[in-house]
Amino acid sequence: MLDTVDSGCPECPALIAHEWSQLNIDIAALNKVPLHEEGSLKEHGVGYKIYWSGKPKTQSHFSGVDFMTENSIASKLENLLTGHSNHMISICLPLHNKQHVVLFSVYAQTLQADTVEKDKFYTDLHCLTQKVPADDKIIILGDFNARAGKNFEACKGVLGKHRVENCNKNGRLLLKLCAEHQLTITNTIFQQKDSLKTTWMHPQSKHWHLIATEKCW
């Protein structure tokens with residue numbers, strides 16, 4: 001089982017690991033992790049290993065990303081964490097018949113961020129996904145800070161029918177990436193209760209949006 005979590009404090013990874021030890025979650029992507037540079041550690045007693053990528057120690061930030069994997073899966077990683085930036089990391093797991101699944105943990109810039117930074121994020125992610133062999137699988141987990149909209153008829157194969165808001169500029173960047181790499185935003189294809197469809201409320205408009213996390217396969 002996969003999951004994506006917004007982490008907001010240094011203790012969160014350890015607390016989350018304890019919760020996951022009671023559930024059937026094998027791999028999770030965390031974002032806004034306040035850990036610097038690159039590294040890994042084991043959460044002793046709960047059976048998970050954390051891999052992270054953040055900014056240098058000289059810089060303060062809340063945009064680091066990481067993976068938390070169950071120990072039996074961590075032992076199968078062919079390559080340990082590849083930290084591409086404080087917004088993007090990847091791991092590679094072997095499948096059958098010499099195939100692999102490459103998982104990305106990402107944290108995209110907000111709608112108000114500099115356009116150059118956002119374009120660089122999507123350019124980097126596009127280049128990294130292009131390098132994945134055609135026979136391998138790609139899974140992108142994370143917070144894209146995007147509203148992908150509900151025009152599923154114009155985005156067949158990318159969007160499902162179960163969206164609740166209109167598309168914004170970040171959403172168009174995400175849709176373009178998914179279309180180019182034949183990825184599906186999976187939290188749009190499963191029907192949910194109304195109370196579970198939205199994840200974030202705008203502080204001014206008080207409108208609820210499905211914005212926090214996406215899983216692209």
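Derivation of every value follows stated rules applied to the coordinates shown; laboratory data play no part. Please read these numbers as outputs of a predicted model, since none were measured by experiment. No Cβ is skipped: glycine too gets one built from the backbone with ideal geometry, and neighbour counts run over all protein chains shown.
Take every DSSP beta bridge with both residues inside segment 47-189 and express the antiparallel ones as a percent of the total, to the nearest 5. Of all bridge pairs located within segment 47-189, approximately 70 percent are antiparallel. Using a cut-off of 26 Å between Cα atoms, the listed pairs LYS32/LYS176; LYS98/LYS150; LYS76/LYS120; LYS55/LYS137 include LYS98/LYS150; LYS76/LYS120; LYS55/LYS137 as exceeding that distance.
Near GLU37: Cβ cut-off under 13 Å, other residues only, Lys/Arg at +1 and Asp/Glu at -1. The net charge is 0.
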